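**Q** Mind looking over this structure? Questions follow.
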Amino acid sequence: MEMKTRLPMGIESFKEIRRQKFYYVDKTALIRELLENWGKVTLFTRPRRFGKTLNMSLLKCFFEIGSDKALFDGLEISQETQLCEEYQGKFPVISITLKGATGRTFDEAKSMLRNIIGTEAMRFQFLMQSENLTQIERKQYEKLLVLNDDGEFAMSDVLLKSSLYTLSRLLKKHYQQDVIILIDEYDVPLDKAYQSGYYDDMVDLIRSLFGNALKTNDSLYFAVLTGCLRISRESIFTGLNNFKVYTVKDVRYKEYFGFTDAEVRQMLEYYGFLAHYDAVKEWYNGYLFGNTSIYCPWDVVNYCGDLRDASVTSPQNYWVNTSSNDIIRRFVSKANTTTRDELELLIDGGSVKKMIRQELTYRDLDSSIDNLWSILFTTGYLTQRGTESGDLTELVIPNREIRWIFVQQIREWFREESVKDTEKLERFCRAFQENDTTAIEKGFNDYLWNTISIRDTSVRKEMKENFYHGILLGLLAYMDGWLVKSNAESGEGYSDISIEIRQHEIGIVIELKYAEDGAFEAGCQEALRQIHEKEYESALIKNGLHTIYRYGIACYKKRCKVVSESLEVKP
């Protein structure tokens, strides 16, 4: 078998993947199941980067008139000869993504939506000469393509609302065949509208656009939509009959978005990376779609690609950079004491049981902390475990990558909260300069009590130490004029934190330890012993600092103990 030299990192075009011979995980059985499980309008909701756009490209390439049938050679769907004979390449297809239909204002968002639909309409310029259309109908098509002086599509608001309906009606008349409509990322305009303050206007527009195209359209064969959230039917899908929605809770279609364990093993073995299987599973697996364990495909493909390039050896955080992750920040900022305890439990590998509302409007998002639990679930920051207990769903953080995102967002939230009381924060930092261990201990205990900590034995010791390290580093970085370094190379290793206060010729070395079972004294002494053995203060001395403070800090749950030693260096 020919070795495929590339992995499709960031490529969402089925045609490009097949023509350029990228590695492809065969999801073409989705076509058969979609036809067998007929629905006039089908909505798939999945978290971002789980292959929604690639699957929409797959559907377009299979059904569209004039598409290259050879793209499917050797794939599972090609074995369905009768199905392919009846459906492959037989339909006009309108395919758009609403990912870019956003803007700071409603007018900007409408302009983007006009450009998206106008650009799709341009693919069918043969309609201007179609003998199957009347002169009036050809002029209707031309109105979809009218440009303003800036070269942007300028269809009126009325025409915009009926644009998909109009285009599908004209395509049906030209081809004498019903039309398939594919709408990817249908909920993105609503999300951005909610954030920017024009939500009601966008709801009205999308409701009209979808209502015309999907509800009252005799030219429609079927439609498929994808998105992250299942927006309330009363919001934009009012009156749609034969409307099927498949979320991460549904068993049907469970294996078509994301990679199964068998598919990941096959990919790793194919490229000679099977030795990395356990790491890939720990970092990128853990999602439960229906009753099947699923990996995030974006992560697996990017990690395999980086392994091939020899640019990394260990798993990286790929998913974190595909969105702002603002939902976690909103969740943490709204969390009361009970919710923070539940979040600590999740971070430590535990689970919580919550009622999940899968059908929401964006107005619901911030109305209660319970709705935010639902959004974290539907957007992939949490996943389900086991079976449902009545109306409750057992929720967990799916894998190590998502846990890292939670921890990072908590750190940033804590850092922002800490600097609100600048007097308290500066007093805490000055205690390190003054070698006041009592004040350091009291201040750090107070900060730990007010953040979300790691408490459980299910997390490895070094990860717990990293959490406390991050909290303290964020606090100390507040001080102007201090050179604060994390894991700075010095002596025979790397100290957790080193500080140079050159104005006062003071150097500080800090080593943190996790005090197993509350053994604070032993943890502090272990930290000091490591500072001595590794000579962490040597770089500070070389830089001309005359007073050196060594701090050993032991942490357990939301408590700490601090011990120190001082060293005077003669000029």
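**Q** Less than 20 Å apart at the alpha-carbon level, and either on another chain or at least 8 residues along: which aspartates and glutamates does that give for Lys424?
**A** Within reach: Glu412, Glu416, Glu434, Asp436, Glu441, Asp446, Asp480.
**Q** How large is the charge dipole for segment 280-362, taken about the Cα centre, if only the Cβ atoms of Lys, Arg (+1) and Asp, Glu (-1) carry charge, to the nearest 20 debye? Don't skip to the end; give the middle numbers.
**A** Numbers: 9 positive and 10 negative charges, 63 e Å.
Dipole about the Cα centre, nearest 20: 300 debye.
**Q** Hey, got the dipole for the chain? About the Cα centre, +1 on K and R Cβ, -1 on D and E Cβ, debye to the nearest 20?
**A** 1160 debye
**Q** Right, next: Quick check for me: using +1 on Lys/Arg Cβ and -1 on Asp/Glu Cβ, what's the dipole size of segment 517-571 about its Cα centre, in debye to the nearest 20? Spell out each step's value before the answer.
**A** Details: 9 positive and 8 negative charges, 49 e Å.
The calculation lands at about 240 debye.
**Q** Compare the Cα positions of Ile206, Gln82, Ala515 along the charge dipole of the chain (+1 at Cβ of Lys, Arg; -1 at Cβ of Asp, Glu; about the Cα centre) and return the one farthest towards the positive end.
**A** Gln82
**Q** Another question, if that's okay. Of the heavy-atom accessible surface of segment 1-53 (probe 1.4 angstrom), what whole percent is carbon and sulfur?
**A** 46 percent
**Q** Cross-link candidates for Lys281: which aspartates and glutamates have Cα within less than 19 Å, leaving aside residues fewer than 8 places away along the same chain?
**A** The qualifying aspartates and glutamates are Glu255, Asp261, Glu263, Glu269, Asp299, Asp306, Asp348, Glu401.
**Q** Next question, about the same structure. Pull up the DSSP beta bridges for the chain and report the antiparallel fraction as a percent, rounded to 5.
**A** Restricted to the chain, the bridges split so that about 50 percent are antiparallel.
**Q** Under the Karplus relation 6.51 cos²θ - 1.76 cosθ + 1.60, θ = phi - 60°, what is the ordered set of whole-Hz ³J(HN,Hα) values for segment 325-340, x standing for Gly and Pro?
**A** 6, 5, 4, 5, 4, 4, 5, 5, 5, 8, 5, 8, 4, 5, 5, 5
**Q** Using the Cα centre of the chain as origin and beta-carbon charges of +1 (Lys, Arg) and -1 (Asp, Glu), tell me which of Leu274, Tyr556, Tyr253 is placed farthest towards the positive end of the dipole.
**A** Of Leu274, Tyr556, Tyr253, it is Tyr253.
**Q** Which far-off residues, 5 or more places away or on another chain, put their amide H under 5 Å from the one on Ser95, with H placed in the peptide plane?
**A** Those qualifying (amide H under 5 Å, at least 5 residues apart or on another chain) are Leu182.
**Q** Which value in deg cm²/dmol, rounded to the nearest 500, describes the helix-derived mean residue ellipticity at 222 nm for the chain, given -39,500 (n - 2.57) per DSSP H run of n ≥ 4 and division by the residue count?
**A** Computed ellipticity for the chain at 222 nm equals -13000 deg cm²/dmol.
**Q** Please compute the contact order of the chain in relative form: average sequence separation of alpha-carbon pairs under 8 Å and at least six residues apart, divided by the residue count, as a percent.
**A** With pairs under 8 Å counted, the relative contact order is 11 percent.
**Q** Accessible area per residue for the chain in Å², computed with a 1.4 Å probe and the full protein assembly in place, what is it?
**A** Per residue, the chain has an accessible area of 44 Å².
**Q** Tell me, what HN-Hα J-couplings in whole Hz come from the Karplus equation 6.51 cos²θ - 1.76 cosθ + 1.60 at θ = phi - 60° for each residue of segment 56-63, using x for Gly and Pro?
**A** Calculated HN-Hα couplings, in order: 5, 5, 4, 4, 4, 5, 7, 8 Hz.
**Q** Please work out how much accessible surface Asp261 shows to a 1.4 Å probe, ignoring ligands, DNA and RNA, in Å² rounded to 10.
**A** Accessible surface of Asp261 is approximately 40 Å².
**Q** Any of Lys249/Lys334; Lys353/Lys513; Lys40/Lys90 with alpha carbons more than 21 Å apart? Name them for me.
**A** Lys249/Lys334; Lys353/Lys513, as the Cα separations exceed 21 Å there.
**Q** Relative to the longest principal axis of the chain, what angle (0 to 90°, nearest 10) does the C-alpha long axis of helix 422-433 take?
**A** The helix 422-433 is inclined about 50 degrees to the chain.
**Q** From the Cα gyration tensor of segment 11-164, with a ≥ b ≥ c the square roots of its eigenvalues, which class applies: rounded if a/c is under 1.5, or else prolate if a/b is larger than b/c, or else oblate?
**A** Prolate, because a/c is 1.5 or more and a/b exceeds b/c.
**Q** Can you find, among Ser67, Ser314, Ser351, the residue farthest towards the positive end of the dipole of the chain? Put +1 on the C-beta of Lys and Arg, -1 on that of Asp and Glu.
**A** Of the listed residues, the answer is Ser67.
**Q** Can I ask one more? Determine ³J(HN,Hα), in whole Hz, for all residues of segment 89-105 in sequence, where each value follows from phi through the Karplus function 6.51 cos²θ - 1.76 cosθ + 1.60 and θ = phi - 60°; x replaces Gly and Pro.
**A** x, 10, 10, x, 10, 9, 10, 9, 10, 9, 4, x, 7, 9, x, 6, 10
**Q** Do any GluC sites (Glu not before Pro) in segment 80-141 lie in a DSSP loop with no more than 14 other beta carbon atoms within 10 Å, and if so, which?
**A** Answer in residue order: Glu131.
**Q** In segment 161-271, carbon and sulfur make up what percent of the accessible area (probe 1.4 Å)?
**A** Here carbon and sulfur together make up 40 percent of the probe-accessible area.
**Q** On to the next question. Taking 0.36 nm per residue of sequence separation and subtracting the Cα-Cα distance, how much length would be gained by fully extending the chain between Ile65 and Ala439, in nm to one decimal?
**A** Gain on stretching Ile65 to Ala439: 127.2 nm.
**Q** Which shape class applies to segment 82-143: rounded if a/c is under 1.5, otherwise prolate when a/b exceeds b/c and oblate if not, where a ≥ b ≥ c are the square roots of the Cα gyration tensor eigenvalues?
**A** Values: a/c = 4.26, a/b = 1.37, b/c = 3.11.
Note, shape of segment 82-143 comes out oblate.
**Q** Quick one: grab the alpha carbon gyration tensor of segment 255-307, order the square roots of its eigenvalues as a ≥ b ≥ c, and give me rounded if a/c is under 1.5, else prolate or oblate depending on whether a/b is larger than b/c.
**A** prolate
**Q** Tell me the label only: which of [x] 38, 28, 21; [y] 54, 33, 18; [z] 54, 26, 22 is semi-axes √(5λ) of the Cα gyration tensor in Å as calculated from this structure?
**A** Answer label, from the structure shown: [z].
**Q** Next up: Can you list the GluC sites (Glu not before Pro) in segment 1-77 that are in a DSSP coil and have 14 or fewer other beta carbons within 10 angstrom?
**A** Answer by residue number: Glu2.
**Q** So which trypsin sites (Lys or Arg not before Pro) in segment 332-431 are both in a DSSP loop and have at most 15 other Cβ atoms within 10 Å of their Cβ? If you can, show how the numbers build up before the last one.
**A** Values: sites: Lys334, Arg340, Lys353, Lys354, Arg357, Arg363, Arg385, Arg400, Arg403, Arg411, Arg415, Lys420, Lys424, Arg427, Arg430; in loops: Arg357, Arg385, Lys420.
When the trypsin sites (Lys or Arg not before Pro) of segment 332-431 are filtered for loop state and at most 15 Cβ neighbours within 10 Å, Arg385, Lys420 remain.
The values are calculated or read from the model by the stated rules, or taken from the named source; none is laboratory data. The structure presented is a predicted model; accordingly, all values stated were derived computationally and were not measured. Reconstructed Cβ throughout: ideal geometry from the backbone, glycine too, with neighbour counts over all protein chains shown. The protein model used for the area step is the full one, side chains on, heavy atoms only, and it has no ligands, DNA or RNA in it. Shrake-Rupley method; radii C 1.70, N 1.55, O 1.52, S 1.80 Å.
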